[in-house]
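Remarks on the structure that follows.
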Amino acid sequence: MTPLDVNDFPVNLAKPAVRALANAGISCLKDVSGYTVKELKQLHGIGPNAIKQLQHALEHKGLSFRDE
């Protein structure tokens, strides 16, 4: 079983990262796939670890970040 919660973000994603996504109106991995890594890194609370976790979760769902 993959550790995903109701919004389908990884459950071990840090709370500041979850808040940053929510504040940007990003509520699920499909929303995340509409952003580039560069755009997401500009959100306060999204760092390299969050990007790595999100990338893995996206790949698991057959999604990816938007190309730069």
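The values are calculated or read from the model by the stated rules, or taken from the named source; none is laboratory data. As the structure is a prediction and not an experimental result, all values here were calculated from the model. Every residue, glycine among them, receives a Cβ derived from its backbone with ideal geometry; neighbour counts consider all protein chains shown.
Data for the structure
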quantity: Residue in the range 6-14 that is surrounded by 15 or more Cβ atoms within 10 Å (Cβ to Cβ) and charged (D, E, K, R) present; calculated: yes
quantity: Residue identified as of a type outside the set (S, T, N, Q), modelled with pLDDT of 95 or more and closer than 14 Å to residue 7 by Cα among 26, 46, 51; calculated: 26
